[in-house]
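The values are calculated or read from the model by the stated rules, or taken from the named source; none is laboratory data. These numbers come from a predicted model, not from an experiment. Using ideal geometry, Cβ is built from the backbone for each residue, glycine included, and neighbour counts are taken over all protein chains shown. When the accessible area is computed, the model is the full protein with side chains, heavy atoms only, and any ligands, DNA or RNA have been set aside. Shrake-Rupley method; radii C 1.70, N 1.55, O 1.52, S 1.80 Å.
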Amino acid sequence: MTVKPETKFGRLLMKNIDAHLERFETYGKVGVPDLYGIRKGRVIWAELKCIKQNSISLSPFQISWNYNNFQRGGKNYYIVQDARSKVIKLYRGDKGRELKELGFKCPCSLQLKPPTDWKRLEDYLFGP
């Protein structure tokens, strides 16, 4: 059975970030992000995407869930990895529309080039 790129990416994050991270698969509620995380009482949600070209595929449900959660004070992100360059970009949860329109060229909150500074990503995700 072939493992989806987002599943592999999620496993990589879980291996390298010091927090309780769990893949969140839902079949009843569409739009809920792929990854739930908690560290020292701080909760995050992350929609994971792996791309081979500039475009980032997001459903209206994903955009809506992330936008609404973010607007109500939730900490949620889109974490996107370019499969070719291994560059990881992090976007706030309210950036779904821009991501869908501009793709990987959309201005991001954090960009990590290989070798990945996992501590920097961890601090950004779970920081104040």
- line: Amide H contacts under 5 Å for F24, restricted to residues at least 5 apart in sequence or on another chain and with H modeled in the peptide plane, are L35, Y36
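Give the shape of the stretch 49-104 as rounded, prolate or oblate, defined through the alpha-carbon gyration tensor: a ≥ b ≥ c are the square roots of its eigenvalues, a/c under 1.5 means rounded, and otherwise the shape is prolate if a/b is larger than b/c and oblate if not.
prolate
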message: I'd like to verify something in the chain: which complete DSSP H helices, judged by Cα projection on the helix axis, reach 27 Å or more and average at least -0.5 on the Kyte-Doolittle scale?
response: none
task: Would you indicate which of (i) 1.21; (ii) 1.08; (iii) 0.97 is the value of Cα Rg over 2.2 N^0.38 Å derived from the coordinates of this structure?
output: (iii)
message: Pairs of alpha-carbon atoms within less than 8 angstrom and 6+ residues apart define the contacts here; what relative contact order does the chain have, in percent?
response: 21
query: Label-point separation (nm) for R23 and R11, each offset 7 Å from Cα along Cα-to-Cβ?
result: 0.8
query: What are the lysines whose alpha-carbon lies under 26 Å from the alpha-carbon of K119, with same-chain residues fewer than 8 places away excluded?
result: K4, K8, K15, K40, K49, K52, K75, K86, K89, K95, K105
task: Mind checking the per residue accessible area of the chain for me, 1.4 Å probe, whole number of Å²?
output: 59
message: In the chain, once you exclude exposed trypsin sites (Lys or Arg not before Pro) (DSSP loop, at most 13 other Cβ within 10 angstrom), what's the longest stretch remaining?
response: 87-128
